[in-house]
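**Student:** I am attaching a structure below and will ask some questions about it afterwards.
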Amino acid sequence: MNRIESRNNGIIKSVAALKDCSGRRAAGRFFFEGAHLLEEYLRSGRTPRALFVREDALARYSSLAGRAGCEVYEVTAPVYEKLTEEKAPQGILAVADTLPEIKEIGVSNAAEVIGSFGGGHAVVLENLQDPGNVGTIIRTAAAFGSSVVLCSCADIYSVKTLRAAMGALFFCRAAVCRSAETAVNALHACGRRVISAALYGRTLPLGGFEIQPGDCFVIGSEGGGVSQKTLDMCDFSARIPMTDSAESLNAAAAAAVFLWEAGRSSP
């Protein structure tokens, strides 16, 4: 085990650079914090690149660190403070390679990537910027066995997204796409029906139509909903029946309702 006491150490600087999306892209790596996420990461059969354990937490996590099967660095509290993005950090942080299962979709490979998801339901997220919503939807999709396609959304590897997903990212089927148009076209090319979640206009009530195997649902941004261009591309729009007491549901809550209904309707 190595010990690092300087905040200017080159290894520490390289990990701190992973706080930014550009740094994660350049390195092909990300980091996550906490014992639970590390447990889930190991349960997925993966091995992290390295662990950084704050000196006062070393005894508490010695067994977990030993199971990680990677280089472990003991760091002082000031050094760990430079790395962490948590308000009350547990004192254990893992660096890992970006997940090879999470593909980036372009026009040329869109149908291939979507086809690799299999025949289950999928949820397409368009322009969601709250990493908490993105992470919660990933967790919900994993619970229902559904796939997730993120289109111009908050970074899937951000600390807040990872925290909200609670380890589900390490098990789910997901892809990242710059354009909802590309995602919807690929889903149609794979024979999928695409249904947009909408509040207004010509919509069918959820529960008022038969959900077919492989149906996919588009959830729009927190403020504006699904864009008009994407609405026009979808097979039809559906709304969640609700009282007048609330204008709409949170994006993550709406996705949960659609995926629950899809799971309930599946044979």
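The values are calculated or read from the model by the stated rules, or taken from the named source; none is laboratory data. All figures in this text were calculated on a predicted structure; none of them were measured in a lab. So basically every Cβ, Gly included, is an ideal-geometry build from the backbone, and we count neighbours across all protein chains shown.
**Student:** Somewhere in the range 234-243, is a residue in contact (Cβ under 8 Å) with a residue 40 or more places away in the chain, in contact with a strand residue (DSSP E or B) (Cβ under 6 Å, 6 or more places away or on another chain) and under 30 Å from Leu38 (Cβ atoms)?
**Tutor:** no
**Student:** Scan Val159, Val148, Val75 and give me the residue that is under 19 Å from Phe30 (Cβ atoms), among the aliphatic types (A, V, I, L, M) and not assigned by TED's automatic domain parsing to the domain that holds Leu231. Full working, then the answer.
**Tutor:** Values: Val159 fails: not assigned by TED's automatic domain parsing to the domain that holds Leu231; Val148 fails: not assigned by TED's automatic domain parsing to the domain that holds Leu231.
After applying the criteria, what remains is Val75.
**Student:** Let me ask something additional. With respect to Glu126, is the statement that it is touching a residue at least 12 places away in the same chain (Cβ under 8 Å) and in contact with a strand residue (DSSP E or B) (Cβ under 7 Å, 6 or more places away or on another chain) true?
**Tutor:** Details: touching a residue at least 12 places away in the same chain (Cβ under 8 Å): yes; in contact with a strand residue (DSSP E or B) (Cβ under 7 Å, 6 or more places away or on another chain): yes.
Taking the combined requirement at face value, the residue satisfies it.
**Student:** Turning to a different aspect of this structure: Can you go through Arg163, Arg67, Arg139 and tell me which one is under 10 Å from the mean Cα position of the chain (by Cα), under 30 Å from Ser6 (Cα atoms) and among the charged types (D, E, K, R)? Before you say what the answer is, go through the steps one by one.
**Tutor:** On the way: Arg67 fails: under 10 Å from the mean Cα position of the chain (by Cα); Arg139 fails: under 30 Å from Ser6 (Cα atoms).
Exactly one residue qualifies, and that residue is Arg163.
**Student:** Turning to a different aspect of this structure: Determine which member of the set Glu112, Glu101 is under 25 Å from the mean Cα position of the chain (by Cα), at pLDDT below 95, under 20 Å from Phe31 (Cβ atoms) and not basic (Lys, Arg). Steps first, please.
**Tutor:** On the way: Glu112 fails: under 20 Å from Phe31 (Cβ atoms).
The unique qualifying residue is Glu101.
**Student:** Where residues in the range 63-98 are among the basic types (Lys, Arg) and over 16 Å from Ala35 (Cβ atoms), which of them is modelled with the lowest pLDDT?
**Tutor:** So in the range 63-98, the residues among the basic types (Lys, Arg) come out as 67, 82, 87.
Remaining after also requiring over 16 Å from Ala35 (Cβ atoms): 82, 87.
Numbers: Lys82: 98, Lys87: 93.
Only one residue tops the list, namely Lys87.
**Student:** When you scan the range 35-68, how many residues do you find that are touching a strand residue (DSSP E or B) at 6+ places or on another chain (Cβ under 6 Å), among the aromatic types (Phe, Trp, Tyr) and farther than 20 Å from Glu81 by Cα?
**Tutor:** Going through the range 35-68 one residue at a time, the tally reaches 0.
**Student:** Taking the condition modelled with pLDDT under 95 and either outside any loop (DSSP other than H, G, I, E, B) or over 25 Å from the mean Cα position of the chain (by Cα) (or both), does Asp244 pass?
**Tutor:** Numbers: modelled with pLDDT under 95: yes; either outside any loop (DSSP other than H, G, I, E, B) or over 25 Å from the mean Cα position of the chain (by Cα) (or both): yes.
For Asp244, the condition - modelled with pLDDT under 95 and either outside any loop (DSSP other than H, G, I, E, B) or over 25 Å from the mean Cα position of the chain (by Cα) (or both) - is met.
**Student:** Being without any contact (Cβ under 8 Å) to a residue 24 or more places away in the chain and of a type in the set (A, V, I, L, M): is that true of Ala50 here? Step through it out loud before you land on a result.
**Tutor:** Working: without any contact (Cβ under 8 Å) to a residue 24 or more places away in the chain: no; of a type in the set (A, V, I, L, M): yes.
No: the conditions fail for Ala50.
**Student:** Looking only at the range 216-229, decide whether some residue is in contact (Cβ under 8 Å) with a residue 12 or more places away in the chain, on the phi > 0 side of the Ramachandran plot, touching a strand residue (DSSP E or B) at 6+ places or on another chain (Cβ under 8 Å) and outside any loop (DSSP other than H, G, I, E, B). Can you show your working first?
**Tutor:** Of the residues in the range 216-229, the ones in contact (Cβ under 8 Å) with a residue 12 or more places away in the chain are 216-222, 224-227, 229.
The next check asks that each one be on the phi > 0 side of the Ramachandran plot; those that pass are 225.
Still in the list and also touching a strand residue (DSSP E or B) at 6+ places or on another chain (Cβ under 8 Å): 225.
Retained after the next criterion (residues that are outside any loop (DSSP other than H, G, I, E, B)): 225.
Yes, some residue in the range 216-229 is in contact (Cβ under 8 Å) with a residue 12 or more places away in the chain, on the phi > 0 side of the Ramachandran plot, touching a strand residue (DSSP E or B) at 6+ places or on another chain (Cβ under 8 Å) and outside any loop (DSSP other than H, G, I, E, B).
**Student:** Pick from the range 116-136 the residues that are aliphatic (A, V, I, L, M) and more than 8 Å from the chain's Cα centre (by Cα): which of them is farthest from Leu259 (Cα to Cα)?
**Tutor:** Ranking the qualifying residues of the range 116-136, first place goes to Leu128.
**Student:** List the number of the failed condition for Thr84; all other conditions in (1) without any contact (Cβ under 8 Å) to a residue 12 or more places away in the chain; (2) of a type in the set (S, T, N, Q); (3) farther than 30 Å from Ser227 by Cβ hold.
**Tutor:** Here Thr84 meets the rest and fails (1).
Yes/no matrix, rows are residues, columns are (1) touching a Phe, Trp or Tyr at 6+ places or on another chain (Cβ under 6 Å); (2) within 16 Å of Val218 (Cα to Cα); (3) not small (Gly, Ala, Ser):
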residue: Glu112; (1), (2), (3): no, no, yes
residue: Val124; (1), (2), (3): no, yes, yes
residue: Thr136; (1), (2), (3): no, yes, yes
residue: Ala142; (1), (2), (3): yes, no, no
residue: Val149; (1), (2), (3): no, yes, yes
residue: Tyr157; (1), (2), (3): yes, no, yes
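**Student:** Name every residue in the range 131-150 that is hydrophobic (A, V, I, L, M, F, W, C) and either assigned to a helix (DSSP H, G or I) or surrounded by fewer than 23 Cβ atoms within 10 Å (Cβ to Cβ) (or both), in order of residue number.
**Tutor:** Restricting attention to the range 131-150, the residues satisfying the condition of being hydrophobic (A, V, I, L, M, F, W, C) are 134, 137-138, 141-144, 148-150.
Correct list: Val134, Ile137, Ile138, Ala141, Ala142, Ala143, Phe144.
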